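Down below is the structure, laid out as structure tokens.
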Amino acid sequence: MVGGVGSFALFFLGISSVSPAHPTQNVICIDCDNTIYRNPTVEKEIVRHIHKHTLKNYNLSPKDADELHHTYGSTIDGLTATQSLTPEQLDLFYDQVYDLPPSTYSDLLPPLSHSSSSTGYSSPPVLRLLSALSSSPLYSLHIASNSPLSHVSKVLSNLGIPSSTFDSIITPSSSNGFLTKSSASFYDALPSSLSQSPILIDDNEKILSIASSHSSSPRTIVVGRPPDTLHRALLLATSSIDPDFKFDHSLYLKSKNVIDEAAINSATFNSLRSSLLSLPPPFNTHLKVVDLGCGLLHMLRRLTDPTVGVLSSSITSSSIQSLEYHAFETNPTLLPEILSSLSEMGFTTVSSSPPYTFFKEVLAPAAKKRLFTPRFFSPPPPSPPPSSSVTVHLHMQDFREAPPPAATENVHLIVGSCFADLFNPDELARDLKLLSSSSPTLLYFPITYKGMTLLSPSSPPDASLSIPSDTHAMRMYNTALTTDHKHNLEPSLFTSSLTRFGAKILSQSTSVWKIKRKLHPYMYDCMLYFFGSTTSSLFIEGNFSMRNWLARLRSQEKDITVYNTDILAKFTGVTGDDDTGTRASTATTHYEIQFTGPNRVTHVPLPPPLPPLQPDEITISPICSLISSGTELKIFNNEIGETDAALDSTIESMASSSFSYPLTYGYCLVGKVTDAGSDSKHLLNDTVFSFSPHSTTVTTKASSVIVVPPGIDPYRAIFLPSIETAVSLIHDAEIIPGERIGVVGQGLIGLLVTAILTHQRFDVTAFEFIDERQALSAFLGANMVLSPATIEFDNNLDVSIEVSGVGAGLQTAIDRTGDGGRIVIGSLYSKDKLALHLGMNFHRSKKRLVASQVSTLPSKLQQRWTKKRRFDLSWKLIGQLPLERLIGEVVGLDEAQEAFELLSRGERSVVCFDLKRPLKKK
């Protein structure tokens, strides 16, 4: 409402209506001016026209006209009360006051625009939420304005909002006697629900106080001034957010920094640290860092931390002597907290005008005192501790908008925490390339969200309360981030873009936010606010109750786990990383992985090859290999009971070896053919898959490899055997459309079974108790992901595929399957003593247990299917499924022990070896 007090308020009006809405609908009436849009230019133009009209026709000064508005709620109501206007005079007022030039409307700020900030959150378009409300049978939208219909229509048109979004547009006109919202009679024309009061959204509290007189017990929500908007008003109207919660950027960042610090992957950060400290002269003395979204300077704190930072180590190694830190931040409201953080860290102000400059000297930790000094030796005089200087330049602007040359020349490190997922990957990679064009540059992007958020314990849907499953709710959240906010939740797209612009990926590891309500109360409330404000449109379109879902989440105090990726890369010219080890692929000595005993694995040297190659042999330069989390992990954990059994009777190189230590094992390797015997030259330079152990070189028969189809990345191709196993399990399950399917266990094979079935549009319920696997399963499309202990579930599955690897998982599969259903067993239990409950109820149920093994095709399929056809299907699926998301860690051969321990503890679902990665010098 033009000339209002500038704050939104929601009023719930208890009135009757001449046009009753559906009894179950929530009626929302929205004001137009300064509510559905906010633009001071439009408001000033209307006020200017009011002043001109009242001066010309009633000899009123601008001050007198404004006083009428203040006293009566609108200028036209004041004129009517004091001048006894005729219908012709009223028509003239609206015609002249709202005769605005077209350029005025074209300057309106569309509500569909959105902005990002360093908080990692951006406000979605209002148009999306209005569209969802308009199409929902549970809501009825209306516009109630003091402005004429012609003006409202022009506003909607220029904002890109179809007038059909609203069930009615109520404005002053000759047909209703030019009623305005300052008149009590106006509210008799408003639609109302038979079950509850309508909601009026307006910016004029005078108007709303008049409206409240029409309800015996009005409920009011005052939304406040900008940055609050119509979007927030609608969220409150739909109970999508807590009206008592106030989002504060500074408090959010303070809470988030605590979570970030615990989440940052130490392996990737240590790689960054080593790369920086290994930079050659002159880069190793003066380090320049650009922080693209500094927030409250968490990255500065970490880089200068006396324990883990680069300065403390550089003092010991006499390397980096000064750090020049350029911090960019677009949110001006954070400036006071940023200045406070710098003061807290001990910085003194050098320049208090933009760009702000701060300085401090960092002293090295004093050396430890000797516990004993012989009396006949004089202790050397103490030397002054060396120091490094840190200079911070604070730029309160977007790093892309004409950054000062001092911030972009000779940059050694670019950092962006919780940053990369907010941008188009190609555009961000291009901007990074421009920033690093004049010098060798490292790129460090920790806490890059990868679209996986888990609520624990995960709950199924509750139809009686219109609550979706937690799995579905989080899928809607990620969908909204992608479609409405334009976030990139695929880190692989960003790394691929970096590679295309000439960068090399040095390290990529998982980092995990773990948010508990009691330990992180404000961060917890922020996440609920994000869930509600981001996902409200999809909840409304699905006829779900956000209020009830959030209430369940709060009452059960579910843990929130968010999965991110820490990325370290470099543009051509950075040599520090290459100098830290010996490149495995060109080393004189080659290595392979060997299991030396229970829970022990290492890399051992290979004997030199015996030239020349036989006619049917080839040499492969390996690129990568995948650790089998099934058989291979059982070897590591000493869980293979049949030690005299062949490693694999279907793989020639393993048929004569048995499961006894020490042994070499592995069967998921991809590399390039670099040499070939006389009969195998056709394979030269081909990328091939080999059923070979993890090794930096492979010599094998040409007939034993499979050529990787064009367009398949090596890091996808290593999944071939696992995909084939998953296909084999699905074939053995004999699934038909419409069946209720459960997959028990979401290790690698279970995840792939889930991925293939959901890719084929089957509804899958997955059972898993490890958090990361639950999150991956949800990402891959499982309809529900539940803990095996979940009680609120109808145990009536038609078929269960069991790939848990534990006896309790097999029991879960049996118990969750309905009478007459099938349980396909994919796990190996050769050593385990299973305590299964197979009593009278089981025997009466007529459930069928089916053993599955990938070595042979099911007998029913052998007339139509061959191994080749199954491989062809597997390659097709490899090209279609989001397999890169499954890889939790990529390690070198010299990190084998740590890799298998991660898998054994269930901290990662998939780990693979980069067989081109340099081995660390011993």
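The values are calculated or read from the model by the stated rules, or taken from the named source; none is laboratory data. In this text, all values refer to a predicted model and were calculated from it rather than measured experimentally. In this analysis, Cβ positions are derived from the backbone assuming ideal geometry, glycine residues included, and neighbour counts consider all displayed protein chains. Note: accessible area is taken over every heavy atom of the protein model, side chains too, but ligands, DNA and RNA are not part of it. Shrake-Rupley method; radii C 1.70, N 1.55, O 1.52, S 1.80 Å.
For SER507, indicate whether it is touching a Leu at 6+ places or on another chain (Cβ under 6 Å) and modelled with pLDDT under 95. Yes; evaluated as a whole, the condition is true for this residue.
Here is a yes/no grid of residues against (1) at pLDDT below 80; (2) hydroxyl-bearing (Ser, Thr, Tyr); (3) on the phi > 0 side of the Ramachandran plot:
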residue	(1), (2), (3)
MET299	no, no, no
LEU334	no, no, no
LEU342	no, no, no
THR348	no, yes, no
PRO365	yes, no, no
PHE377	yes, no, no
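Residues of the stretch 649-673 that are open to solvent by less than 70 Å² (accessible area, probe 1.4 Å), modelled with pLDDT of 65 or more, touching a strand residue (DSSP E or B) at 6+ places or on another chain (Cβ under 8 Å) and under 23 Å from PRO598 (Cα atoms): LEU663, THR664, TYR665, GLY666, CYS668.
Any residue that is assigned to a loop (DSSP other than H, G, I, E, B), open to solvent by 10 Å² or more (accessible area, probe 1.4 Å), in contact with a helix residue (DSSP H, G or I) (Cβ under 6 Å, 6 or more places away or on another chain) and hydroxyl-bearing (Ser, Thr, Tyr) - is there at least one of those in the stretch 269-278? There is at least one residue in the stretch 269-278 that is assigned to a loop (DSSP other than H, G, I, E, B), open to solvent by 10 Å² or more (accessible area, probe 1.4 Å), in contact with a helix residue (DSSP H, G or I) (Cβ under 6 Å, 6 or more places away or on another chain) and hydroxyl-bearing (Ser, Thr, Tyr). Within the option set SER173, SER147, SER209, being open to solvent by 30 Å² or more (accessible area, probe 1.4 Å), modelled with pLDDT of 85 or more and under 28 Å from GLN89 (Cβ atoms) holds for one residue only, SER173. Applying the criterion of being among the small types (Gly, Ala, Ser) and open to solvent by less than 30 Å² (accessible area, probe 1.4 Å) to the residues of the stretch 815-844, the residue that is farthest from ASP798 (Cα to Cα) is SER827.
Here is a yes/no grid of residues against (1) in contact with a strand residue (DSSP E or B) (Cβ under 9 Å, 6 or more places away or on another chain); (2) at pLDDT 50 or above:
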| position | (1), (2) |
| --- | --- |
| LYS369 | no, no |
| THR373 | no, no |
| PRO381 | no, yes |
| SER389 | yes, yes |
| MET396 | yes, yes |
| PRO403 | yes, yes |
| ALA407 | yes, yes |
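Cβ-Cβ distances below 7 Å connect the following pairs, each with a first residue in the stretch 87-99 that is more than 17 Å from ASN176 (Cα to Cα), a second residue that is open to solvent by less than 20 Å² (accessible area, probe 1.4 Å) and of a type outside the set (A, V, I, L, M, F, W, C), and a separation of six or more residues or different chains: GLN96/HIS53; VAL97/HIS53; TYR98/SER147; TYR98/PRO148; TYR98/HIS151. The listed residues are ILE791, ILE756, and the only one of them that is surrounded by 22 or more Cβ atoms within 10 Å (Cβ to Cβ), within 32 Å of the chain's Cα centre (by Cα) and not basic (Lys, Arg) turns out to be ILE756. Residues in the stretch 713-743 that are surrounded by 23 or more Cβ atoms within 10 Å (Cβ to Cβ), aliphatic (A, V, I, L, M) and in a helix (DSSP H, G or I): ALA717, LEU720, ILE723, ALA726, LEU729, ALA733.
Candidates LEU498, LEU489, LEU493: the one that is within 12 Å of the chain's Cα centre (by Cα), closer than 27 Å to VAL890 by Cα and of a type in the set (A, V, I, L, M, F, W, C) is LEU489. Close Cβ contacts (under 6 Å, 6 or more residues apart or on different chains) running from residues in the stretch 386-409 that are farther than 20 Å from SER322 by Cα to residues that are aromatic (Phe, Trp, Tyr) comprise PHE399/PHE328.
In summary, ARG885 fulfils each of the numbered conditions (1) among the basic types (Lys, Arg); (2) part of a loop (DSSP other than H, G, I, E, B); (3) closer than 30 Å to VAL601 by Cα with the single exception of condition (2). When the stretch 775-787 is examined, which residues are found to be open to solvent by less than 40 Å² (accessible area, probe 1.4 Å) and either among the hydroxyl-bearing types (Ser, Thr, Tyr) or assigned to a loop (DSSP other than H, G, I, E, B) (or both)? Of everything in the stretch 775-787, those that are open to solvent by less than 40 Å² (accessible area, probe 1.4 Å) and either among the hydroxyl-bearing types (Ser, Thr, Tyr) or assigned to a loop (DSSP other than H, G, I, E, B) (or both) turn out to be SER777, LEU780, GLY781, ALA782, SER787. Looking at the stretch 320-345, which of the residues that are among the hydroxyl-bearing types (Ser, Thr, Tyr) and in contact with a strand residue (DSSP E or B) (Cβ under 9 Å, 6 or more places away or on another chain) is least open to solvent (accessible area, probe 1.4 Å)? Per the stated criteria, the residue is TYR325. Could you please give the count of residues in the stretch 24-47 that are open to solvent by less than 20 Å² (accessible area, probe 1.4 Å) and part of a strand (DSSP E or B)? Within the stretch 24-47, residues that are open to solvent by less than 20 Å² (accessible area, probe 1.4 Å) and part of a strand (DSSP E or B) number 4.
Considered as a group, the residues in the stretch 470-519 that are of a type in the set (A, V, I, L, M), closer than 28 Å to ASP431 by Cα and in a strand (DSSP E or B) include one that is most open to solvent (accessible area, probe 1.4 Å), and that residue is ILE505. Looking across the stretch 845-871, the residues that are surrounded by 12 or more Cβ atoms within 10 Å (Cβ to Cβ), basic (Lys, Arg) and in contact (Cβ under 8 Å) with a residue 24 or more places away in the chain come down to LYS847, ARG848, ARG870.
Quick one: in the stretch 82-129, which of the residues that are farther than 23 Å from PRO172 by Cβ, assigned to a helix (DSSP H, G or I) and aliphatic (A, V, I, L, M) is modelled with the highest pLDDT? By that ranking, first place goes to LEU129.
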